[in-house]
1. Using the Karplus equation 6.51 cos²θ - 1.76 cosθ + 1.60 (θ = phi - 60°), what ³J(HN,Hα) coupling, rounded to whole Hz, does each residue of region 27-33 give in order, writing x for Gly and Pro?
2. Find the centroid of the Cα atoms in region 62-89 and in region 29-47, then give the distance between the two in whole Å.
3. List the residues of region 27-58 whose backbone N lies under 11 Å from a point placed 7 Å from the Cα of K6 along the Cα-to-Cβ direction.
4. Once label points are set 7 Å from the Cα along Cα→Cβ at both S32 and T56, what is their separation, rounded to one decimal in nm?
5. Can you tell me the FRET efficiency between R120 and Q77 if r is taken as the Cβ-Cβ distance and R0 is 25 Å, rounded to the nearest 0.05?
6. Using packing as a proxy for protection, rank 36-48, 78-90 so that the peptide with the highest average count of other Cβ atoms within 10 Å comes first.
7. Calculate one ³J(HN,Hα) per residue across region 52-67 by plugging θ = phi - 60° into the Karplus curve 6.51 cos²θ - 1.76 cosθ + 1.60, and present them in order as whole Hz with x for glycine and proline.
8. Spelling out what I want: for every residue of region 121-129, take phi, set θ = phi - 60°, compute 6.51 cos²θ - 1.76 cosθ + 1.60 (Karplus), and round to whole Hz; glycine and proline get x.
Amino acid sequence: MVEGGKAYINVGTSVPVPLRQVVVGPGGAVVSESVVYRDLGTGFTAEPQLAGDNVTLSISPTHDTPGAYGPGSANIQRLTTTVSGRLGEWIDLGGSVEERSGESSGLARHSTRGGSSARRVQLRVEELP
């Protein structure tokens, strides 16, 4: 990614949306039907700004899902934040932790902790020669 440029990382799908157009002219109405595709996905845009060996990243995550109002509708979430770090080092953008536990009872009662898993999202900005 080039300073001032943007990198877009996205995972998602394209959803077909039926499109009907009616054009009224002197000879009457002409109806045409086709399908267009709407891209829905989850990802983020990163935009770096350098100051010496320090880099500030403007991070804009996206999370788009199909909407409940018929074909073509979508639920769209946007947010922008900034993180800073040193050029050439991994910068933490975020992550998630999942923990699982369970409990059962019968003649004897016991509980267990099933374990946990963690995910980290990191980005590294390097200077090109």
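Quick note: the coordinates plus some simple rules give every number you see, no bench work behind them. These figures come from a predicted structure and were not determined experimentally. Every residue, glycine as well, gets a Cβ built from its backbone with ideal geometry; the counts of neighbours run over all protein chains shown.
1. Listing the rounded values in order: x, x, 8, 10, 9, 10, 10 Hz.
2. Between the Cα centres of region 62-89 and region 29-47 lies a distance of 16 Å.
3. What the label zone holds, given the 11 Å backbone N cut-off, is 44-47.
4. Going from the S32 label point to the T56 one covers 4.8 nm.
5. On the way: r = 21 Å, r/R0 = 0.84.
Computed FRET efficiency for R120 and Q77: 0.75.
6. Details: 36-48: 15.5, 78-90: 12.4.
So the order, starting with the most tightly packed, is 36-48, 78-90.
7. x, 8, 9, 10, 10, 10, 8, 10, 10, x, 10, 8, 10, 9, x, x
8. Per-residue couplings from phi come out as 10, 10, 9, 10, 10, 10, 7, 7, x Hz.
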